[in-house]
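Data first, discussion second: the structure below is written as structure tokens.
Values quoted throughout were computed directly from the atomic coordinates according to the rules given, and no laboratory measurement underlies them. Because the structure is a prediction, the values reported are computed rather than measured. Reconstructed Cβ throughout: ideal geometry from the backbone, glycine too, with neighbour counts over all protein chains shown.
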């Protein structure tokens, strides 16, 4: 999944870099406020992709004594920074440009055809980057053997713990919407010779950026604080563990994402009486394997199981077991 995330980021990075330069040239040639806002937007997106790549790289560092659970949350942190920059730089600069243009008596747009061509090319590149990120979502659903439909895609978007893919999709969606707003504003100003439409487009682009940035910041804030796995996966884990004959019930299940595919699972279960130490060991191993199969992971370093029974406490491997009176 990390490789897929990198692919989506690289597609957005190279696309945005070329688009940024083209929009800057168009803004200089036309004097359009909307084109300047789009220029700010694209350069911000380009820098954002670099930060996302930093997040992917740093999150893969091996655990240390000071960070025993690893660095998976680096992705959440850098994605949060991306959202802040998207709001703080692109949105505010677009607002400033729009309001300044409203009160600028010499504000004029020239060479509008240049803007149309650049915006069309930008839409093609942004659409391709969005297609790549969108296909990753689709492939994730198909890999589970589920049918892809609008509801599934929306649910996957809501429950995804991969901030990189979420950020790319949100950025590219905002970019396409911004291109449409800019094109409409430039066209209306061109045909009416009233520059107010171009200025308003700049303000609207800033509003779009702030709205999308707030959404991104909110999603990453939840992951940084410590968001649990999806309800669907929780139900799968509980159902899978309850099928083990020696398990009476699941007392508690606590989970927290340290990365898109890095989850801490702490489970307390009640087991049947009259089983010996070796059998308890086997039950714990079976619970671990069931959890790993649901999460599709190959490590048990963050899976902790605690058992409760009417016998002496037993400790096993990285797991905890105790008796409650």
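Of the candidates 307, 191, 272, which one comes out as most mobile in a Gaussian network treatment of the chain with C-alpha springs shorter than 10 Å? Result for the chain, Cα springs under 10 Å: 191 fluctuates most. Taking the C-alpha atoms only, the angle from helix 150-159 to the longest principal axis of the chain is near 70 degrees.
Build a GNM of the chain with springs between Cα atoms under 10 Å apart, and of 276, 248, 16 the one that fluctuates most is 276. Using 0.36 nm per residue and subtracting the Cα-Cα separation, the extra length available between residue 10 and residue 157 on full extension is 50.9 nm. Counting only DSSP beta bridges whose two residues both lie in the chain, roughly 65 percent are antiparallel. Helix 277-295 and the longest principal axis of the C-alpha atoms of the chain enclose an angle of approximately 20°. By the beta-carbon count within 10 Å of each Cβ, the least crowded to most crowded order of 273, 233, 45, fewest first, is 273, 233, 45. Compute the angle between helix 74-85 and the longest alpha-carbon principal axis of the chain, please, reported from 0 to 90 degrees and rounded to the nearest 10. Tilt relative to the chain: about 20 degrees.
Mean shadow of the range 31-137, computed from the convex hull of its alpha carbons, in nm²? Don't skip to the end; give the middle numbers.
Values: hull surface 35.2 nm².
Approximately 8.8 nm², given one-decimal rounding.
The candidate values were (i) 161; (ii) 190; (iii) 139; the one computed from these coordinates for volume of the Cα convex hull per residue in Å³ carries the label (iii).
Given contacts defined as C-alpha pairs under 8 Å and at least six residues apart, what's the relative contact order of the range 1-153, whole-number percent?
31
Taking 61, 302, 97 as the candidate residues, the one with maximal mean-square fluctuation in a Gaussian network model of the chain, Cα springs under 10 Å, is 61.
Normalised by the number of residues in the chain, the average gap of Cα pairs under 8 Å and 6 or more apart makes the relative contact order 19 percent.
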